[in-house]
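Structure, as structure tokens:
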Amino acid sequence: MPEITDTIKCLDQGFVRLVDVMGDDSSIVQAARVSYGKGTKNVRQDKGLIHYLMKHQHMSPFEMVEFKFHCKMPVFVARQWIRHRTANVNEISGRYSVMEDAVWEPKPADLRQQAKINRQGSLDAQVPEPANSEILKQYSHDIETIFKHYNEYIQKGVAREVARAILPLATYTEWYWKMDLHNLLHFLALRMEAHAQKEIRVYAEAIAEFVKQKCPFTWEAFVEHRLNAAKFSQAEVEVLRGELKKTGLIDKILDQRKSQLAQNEASEALIQTELAEFRAKLTGEKIE
């Protein structure tokens, strides 16, 4: 993997820039152990503890780490982003500044068709020709006209806070965005998900690169226990358990999990703990 710079380009004119980080994996371990210095365990045990915390959703130690970013994104992306209300945000103001003529310009593939089942989503398929080219041409014309009028309003004395009302959602905005790692991981889980809008997913993936770089143990645990994990409803669990008991596959599955843990060089104590928890999930029985 190439070395990550402090800035990752997003979309056509946007970016995510890492401004500052407070803490790292060791800060999480330190908080979990309520100790001083760099902790009292070795690296392997630190990694195991972070996995334990993530797996069992003991998330307060992750709040000891904070990331601060400088981001530039279209307004329509920012309006989805700001739904994550646990951040500290300071955004450029169209009341104080004349907004620059920076607008998201979609490519042909960006003109995705509306999903038929998911009312708030889109399909991978783009709008076909000749409509695609016609829309892009009209889009560019509309943007050029809107910004021409916006600048004319300001030149004629209209206050910036009023003139900005004409600007489209495709206009780029900027902000400084700071969030603790616990809530940042929640943001990433939602915005990296396959059903998230592509344009905000690009930004989430950029942020993820910085988390991966600065907190590698946490990122590994997040991918293992949350990002690539699955959650089942009570009814779904009942169906799965019923079929597993009926087919007698539980012991075979446990043996496969034991082999997997051994390949990962887990200790015997950890293997037994993991197997006991896994059996409880498969059978619904309490851990003895």
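Only the coordinates and a few stated rules stand behind these numbers; no lab work does. Keep in mind the model is a prediction, meaning the values are calculated, not measured. Cβ placement follows ideal geometry from the backbone for every residue including glycine, while neighbour counts extend to all protein chains displayed.
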Ranking Pro106, Leu184, Ala131 by how far each Cα lies towards the positive end of the charge dipole of the stretch 102-188 (+1 on Lys and Arg Cβ, -1 on Asp and Glu Cβ), the top one is Leu184
May I ask for the Rg/Rh ratio of the stretch 169-271, computed from Cα atoms with Rh as the Kirkwood radius, given to two decimals? 1.11
Exposed trypsin sites (Lys or Arg not before Pro) absent: longest stretch of the chain, with sites in DSSP loops and at most 15 other Cβ within 10 Å deemed exposed: 157-230
Going toward the positive end of the dipole of the chain, with +1 on Lys and Arg Cβ and -1 on Asp and Glu Cβ, which of Gly48, Ser122, Phe147 do you reach last? Gly48
Kindly identify the stretch 1-114 as rounded, prolate or oblate by the Cα gyration tensor criterion: order the square roots of the eigenvalues as a ≥ b ≥ c, call it rounded if a/c is under 1.5, otherwise compare a/b with b/c, prolate if a/b is larger, else oblate. prolate
In terms of the alpha carbon gyration tensor, root eigenvalues a ≥ b ≥ c, rounded if a/c is under 1.5 and otherwise prolate when a/b exceeds b/c or oblate, the stretch 234-283 is prolate
How high is the relative contact order of the chain? Use alpha-carbon pairs under 8 Å, at least six apart in sequence, and give a whole percent. 24
What is the distance in Å between the Cα centres of the stretch 199-270 and the stretch 144-170? 51
With 10 Å bins from zero, work out the P(r) of the stretch 108-166 over every alpha carbon pair and list the percent per bin. 21, 28, 25, 22, 4
When 1/r is averaged over all different Cα pairs and the result inverted, which Kirkwood radius in Å belongs to the chain? 22.7
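Size of the dipole of the chain about the Cα centre, Lys and Arg at +1 and Asp and Glu at -1 on the beta carbon, nothing else charged, in debye to 20? Each step should come with its number before you reach the end.
Working: 40 positive and 40 negative charges, 125 e Å.
With Lys and Arg at +1 and Asp and Glu at -1, about 600 debye.
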What FRET efficiency do you get for Met192 and Glu236 if R0 is 35 Å and r is their Cβ-Cβ distance, rounded to the nearest 0.05? 0.90
Quick one: length gained pulling Glu209 to Asn90 fully straight, 0.36 nm per residue minus the C-alpha distance? 40.6 nm
Run the dipole for the stretch 149-212 about the Cα centre, Lys and Arg Cβ at +1, Asp and Glu Cβ at -1, nothing else charged, and hand back the magnitude in debye, nearest 20. 100
Roughly what % of Cα-Cα distances in the stretch 52-154 sit above 22 Å, to the whole percent? 58
Among Thr218, Thr247, which comes first, then next, by fewest other beta-carbon atoms within 10 Å? Thr247, Thr218
Selected from Glu144, Glu265, Glu91 as most flexible by GNM, with the chain as the system and alpha-carbon contacts under 10 Å: Glu265
